[in-house]
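Participant: Structure below; questions to follow.
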């Protein structure tokens with residue numbers, strides 16, 4: 001295994017019970033994702049992309065398989081998944097998922113608050129991250145409803161970076177944005193991977209994103225196949 | 001600390017939503033706290049009443065027995081009565097003398113009951129004092145003479161005796177300690193000079209007395225002077241006893257009545273007749289009455305009205321075979337007339353309190369269902385970005401606590417304003433009869449003719465005084481007390497815990513992956 005590999009998923013299976021019966025959302029999926037790279041999974045809606053992302057982010061538990069993150073299997077019973085999520089993962093969602101009652105600054109401070117970082121340090125880091133994401137000062141105290149989609153997503157990326165995780169999991173990060181804004185967000189994510197040595201794992205049905213990806217997979221009916229770029 | 005800050009911030013950020021819940025809770029909690037205040041006030045007042053009313057009992061001759069004796073006497077002609085009196089032996093005379101009295105053996109035995117807290121014995125009788133004149137009786141005789149009546153015919157309601165009443169007859173009340181005589185404990189009489197006779201005076205049979213101030217003044221008697229009393233039924237040596245005056249009292253009721261009379265009628269402005277009652281140690285009065293070992297009544301305070309049934313059962317056991325002659329009377333009916341309206345208000349308030357608390361619980365539950373379902377995404381986000389269930393639950397707990405705290409603080413304030421009105425509203429509109437003692441003791445009641453006031457208890461003044469009754473409305477004083485504050489905290493914790501049930505259940509079951517995928 002290369003030193004760059006940070007996610008190593010092997011033979012992962014995940015099924016859901018629905019009225020009609022059992023659905024194999026992820027079917028014997030194995031893949032790796034490297035530090036400092038953008039890894040993209042493309043596929044149609046309902047193909048299991050988001051489920052795979054949530055399994056890696058420990059929001060869903062697979063029936064079988066193993067997922068090693070930085071050499072440690074997160075499916076081991078001894079793993080503290082909340083801590084794992086807090087320290088290793090940053091989520092970016094299609095619908096931003098910012099807390100509507102909090103300001104942009106407070107949303108970015110929230111993960112740090114949960115991690116027990118001092119308030120003044122939270123504020124300093126959150127301001128710095130928002131500045132890096134190009135969020136204007138006047139928006140620091142704005143609530144998500146007062147900001148545009150692009151601004152919301154920048155705040156969401158800043159929040160994902162709050163605890164300096166190794167992995168950024170992005171679920172359709174441009175799905176709710178216009179083309180120009182979406183392109184800016186993708187640029188931010190790819191620069192995070194390359195300049196900050198993060199592993200960005202992105203799922204999307206927008207194949208144009210493949211252009212900025214280092215590795216790419218195609219997912220159909222829960223099965224994954226690598227795309228040669 | 002951070003959890004508190006986060007929860008409090010969350011409370012502020014969802015202010016409008018939370019304030020709606022606060023208002024709803026405030027209404028219900030105000031009602032709950034008011035009901036609680038009424039309940040606590042009623043409980044407290046009933047407890048206070050229990051300390052003074054309902055825990056008194058006395059053993060005395062039964063009304064039925066007295067009525068029987070009275071009827072037997074009534075059927076006799078005057079000639080039969082005087083023939084009977086002439087033919088009495090000394091033993092029969094003594095038996096007659098104690099016929100209307102209670103043996104001390106019985107009162108002493110009952111005093112040993114576990115529920116009895118304090119005990120006194122009383123003997124009231126008329127005594128002849130050769131050196132001084134009873135101006136009240138003198139005036140009475142004068143009126144009768146003027147009306148052409150014979151002095152011997154008096155009797156009945158007022159308690160005037162028939163046997164040998166003269167203008168030198170005075171009413172003697174004996175008990176074991178002057179200070180604990182009911183006239184002094186009820187405030188009807190007040191010592192103004194000298195001292196009370198003590199328990200030691202009683203045990204040593206010290207010949208000492210307390211005299212009324214006007215009587216003392218009319219007869220130029222002062223502390224340290226002696227008066228000669230005639231011992232009933234004894235002739236020759238030992239037929240008199242020298243009594244030393246150790247205390248002078250005034251009749252408070254008499255003065256206040258005199259004052260109220262003066263405002264309506266100037267001609268009666270200074271009317272305050274000399275009191276004809278002497279207070280002396282029981283053993284001395286027994287000697288003067290020649291009835292050693294007998295008393296008019298045994299007077300008891302027991303621990304609580306709640307033990308009335310037990311104390312009556314204990315009396316029945318002690319008085320086996322004599323229950324038709326003697327009776328144990330309690331002031332249970334006085335207690336009931338005062339406490340029943342309060343207890344009714346208390347019971348109603350308990351029902352109201354239960355209903356209002358139930359409504360509070362329902363409100364907070366429904367409010368939390370609505371709030372939580374509106375904030376499901378926020379919960380999902382918190383869990384997704386690394387918040388533990390405990391952190392999220394704590395944040396909600398603090399938020400709910402803030403909501404409930406604001407509501408209960410406002411409710412406590414409102415309770416202070418409307419508690420009394422609520423109490424007045426719940427209290428049944430009833431009045432209670434309060435018996436008060438009249439102006440002065442009437443002489444010569446016992447043992448000759450004390451039929452008039454059998455149902456009146458000694459502690460209300462005296463068994464041998466006339467009484468006046470007033471109707472007083474029962475009042476419930478709803479005051480803000482510390483206990484209410486403590487109960488308020490308990491309610492706060494209870495309502496908060498109920499409110500937490502929904503979020504705890506929701507947060508633990510929540511799967512962020514489901515929530516975050518939703519648009």
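The values are calculated or read from the model by the stated rules, or taken from the named source; none is laboratory data. Remember, it's a predicted structure, so these values are computed and weren't measured experimentally. Don't worry about glycine lacking a Cβ; one is built from the backbone with ideal geometry, like all the others, and counts go over all protein chains shown.
Participant: Restricting the stretch B:41-58 to residues that are more than 10 Å from the chain's Cα centre (by Cα) and closer than 27 Å to residue B:327 by Cβ, which is surrounded by the most Cβ atoms within 10 Å (Cβ to Cβ)?
Facilitator: If we take residues in the stretch B:41-58 being more than 10 Å from the chain's Cα centre (by Cα) and closer than 27 Å to residue B:327 by Cβ, then B:57 is surrounded by the most Cβ atoms within 10 Å (Cβ to Cβ).
Participant: Now for a different question. Looking at the stretch A:46-60, is at least one residue more than 8 Å from chain B (Cβ to nearest Cβ) and modelled with pLDDT under 90?
Facilitator: yes
Participant: Given the conditions (1) over 30 Å from residue A:111 (Cβ atoms); (2) modelled with pLDDT under 90; (3) crowded, with 21+ Cβ neighbours inside 10 Å, report the number of the one that residue B:424 does not fulfil.
Facilitator: All conditions pass for residue B:424, except number (3).
Participant: If you don't mind, another one. Hey, can you tell me all the residues within the stretch B:370-414 that are over 30 Å from residue B:482 (Cα atoms) and more than 14 Å from chain A (Cβ to nearest Cβ)?
Facilitator: B:370, B:372, B:373
Participant: OK, next. For the stretch B:156-244, list the helices (runs of 4 or more DSSP H) that sit wholly inside it and hold at least 1 residues that are surrounded by fewer than 22 Cβ atoms within 10 Å (Cβ to Cβ), within 29 Å of the chain's Cα centre (by Cα) and at pLDDT below 95; which are they? Walk me through how you get there before you give the answer.
Facilitator: Details: elements: B:182-185, B:199-203, B:213-218.
Those helices (runs of 4 or more DSSP H) span B:182-185.
Participant: Additional query: I need a count of the residues in the stretch B:328-343 that are out of contact with any helix residue (DSSP H, G or I) (no Cβ under 8 Å at 6 or more places or on another chain) and in a helix (DSSP H, G or I).
Facilitator: Taking the stretch B:328-343 as the starting set, the residues that turn out to be out of contact with any helix residue (DSSP H, G or I) (no Cβ under 8 Å at 6 or more places or on another chain) are B:329, B:333-334, B:336-337, B:340-341.
Applying the additional criterion that residues be in a helix (DSSP H, G or I) yields B:333-334, B:336-337, B:340-341.
The number of residues fulfilling the criteria is 6.
Participant: Quick check on the stretch B:50-59. Is at least one of its residues outside the structural domain of residue B:410 (by TED's automatic domain parsing), free of Cβ contacts under 8 Å to residues at least 12 places away in the same chain and part of a helix (DSSP H, G or I)?
Facilitator: Among the residues of the stretch B:50-59, at least one is outside the structural domain of residue B:410 (by TED's automatic domain parsing), free of Cβ contacts under 8 Å to residues at least 12 places away in the same chain and part of a helix (DSSP H, G or I), which makes the answer yes.
Participant: Another question about this same structure. For the subset of the stretch A:128-153 comprising residues that are at pLDDT 90 or above and out of contact with any helix residue (DSSP H, G or I) (no Cβ under 7 Å at 6 or more places or on another chain), which member is farthest from the other protein chains (Cβ to nearest Cβ)?
Facilitator: Taking the candidates together, the pick is A:131.
Participant: Also, quick follow-up: Inspect all residues belonging to the stretch B:493-516 and state whether any of them is crowded, with 17+ Cβ neighbours inside 10 Å, in contact with a strand residue (DSSP E or B) (Cβ under 9 Å, 6 or more places away or on another chain) and at pLDDT below 90.
Facilitator: So far as the stretch B:493-516 goes, yes, one or more of its residues are crowded, with 17+ Cβ neighbours inside 10 Å, in contact with a strand residue (DSSP E or B) (Cβ under 9 Å, 6 or more places away or on another chain) and at pLDDT below 90.
Participant: Being within 14 Å of chain B (Cβ to nearest Cβ), outside any loop (DSSP other than H, G, I, E, B), over 26 Å from residue A:45 (Cα atoms) and out of contact with any helix residue (DSSP H, G or I) (no Cβ under 7 Å at 6 or more places or on another chain) is the filter here; which residues of the stretch A:64-107 pass it?
Facilitator: Selection gives A:81, A:82, A:83, A:84, A:87, A:88, A:106.
Participant: Here's another thing I want to ask about it. When the stretch B:98-107 is examined, which residues are found to be at pLDDT 90 or above and touching a strand residue (DSSP E or B) at 6+ places or on another chain (Cβ under 8 Å)? Before you say what the answer is, go through the steps one by one.
Facilitator: Our first condition is that a residue be at pLDDT 90 or above; within the stretch B:98-107, this holds for B:101-107.
B:101, B:102, B:103, B:104, B:106, B:107 - these are the residues of the stretch B:98-107 that are at pLDDT 90 or above and touching a strand residue (DSSP E or B) at 6+ places or on another chain (Cβ under 8 Å).
Participant: Let me ask something else about it. If I go through the stretch A:110-121 residue by residue, how many of them are part of a helix (DSSP H, G or I) and within 11 Å of another protein chain (Cβ to nearest Cβ)?
Facilitator: First, the residues of the stretch A:110-121 that are part of a helix (DSSP H, G or I): A:110-114, A:119-121.
Remaining after also requiring within 11 Å of another protein chain (Cβ to nearest Cβ): A:110-114, A:119.
Total satisfying the criteria: 6.
Participant: Kindly provide the set of residues from the stretch B:14-27 that are touching a helix residue (DSSP H, G or I) at 6+ places or on another chain (Cβ under 9 Å), part of a helix (DSSP H, G or I) and within 14 Å of chain A (Cβ to nearest Cβ), ordered by number. Quick ask: steps written out before the conclusion?
Facilitator: Pass one, the stretch B:14-27, residues touching a helix residue (DSSP H, G or I) at 6+ places or on another chain (Cβ under 9 Å): B:14, B:17-27.
Retained after the next criterion (residues that are part of a helix (DSSP H, G or I)): B:17-27.
B:17, B:18 - these are the residues of the stretch B:14-27 that are touching a helix residue (DSSP H, G or I) at 6+ places or on another chain (Cβ under 9 Å), part of a helix (DSSP H, G or I) and within 14 Å of chain A (Cβ to nearest Cβ).
Participant: Mind checking whether some residue in the stretch B:354-365 is outside any helix (DSSP H, G or I) and out of contact with any strand residue (DSSP E or B) (no Cβ under 9 Å at 6 or more places or on another chain)?
Facilitator: Scanning the stretch B:354-365, I find no residue that is outside any helix (DSSP H, G or I) and out of contact with any strand residue (DSSP E or B) (no Cβ under 9 Å at 6 or more places or on another chain), so the answer is no.
Participant: While we're here: Report, by residue number, each residue of the stretch A:75-96 that is surrounded by fewer than 23 Cβ atoms within 10 Å (Cβ to Cβ) and without any contact (Cβ under 8 Å) to a residue 40 or more places away in the chain.
Facilitator: Passing the criteria: A:75, A:76, A:77, A:78, A:79, A:80, A:81, A:82, A:83, A:84.
Participant: So residue B:399 ticks every box in (1) buried (at least 19 other Cβ atoms within 10 Å of the Cβ); (2) over 59 Å from the mean Cα position of the chain (by Cα); (3) part of a helix (DSSP H, G or I) but one. Which box is left unticked?
Facilitator: Residue B:399 satisfies all of (1) buried (at least 19 other Cβ atoms within 10 Å of the Cβ); (2) over 59 Å from the mean Cα position of the chain (by Cα); (3) part of a helix (DSSP H, G or I) except (2).
Participant: When residues of the stretch B:247-297 are filtered for being modelled with pLDDT under 55 and either within 13 Å of residue B:172 (Cβ to Cβ) or in a loop (DSSP other than H, G, I, E, B) (or both), how many remain?
Facilitator: Residues that pass the stated criteria total 4.
Participant: Suppose we keep only residues that are part of a loop (DSSP other than H, G, I, E, B) and surrounded by fewer than 21 Cβ atoms within 10 Å (Cβ to Cβ) within the stretch A:173-211. Which one would you say is farthest from the chain's Cα centre (by Cα)?
Facilitator: We begin by selecting, within the stretch A:173-211, every residue part of a loop (DSSP other than H, G, I, E, B); these are A:173-178, A:197-198, A:205-206.
Next, from what is left, pick out any that are surrounded by fewer than 21 Cβ atoms within 10 Å (Cβ to Cβ): A:175-176, A:178, A:197, A:205-206.
Details: A:175: 14, A:176: 15, A:178: 20, A:197: 15, A:205: 15, A:206: 16 Å.
Only one residue tops the list, namely A:178.
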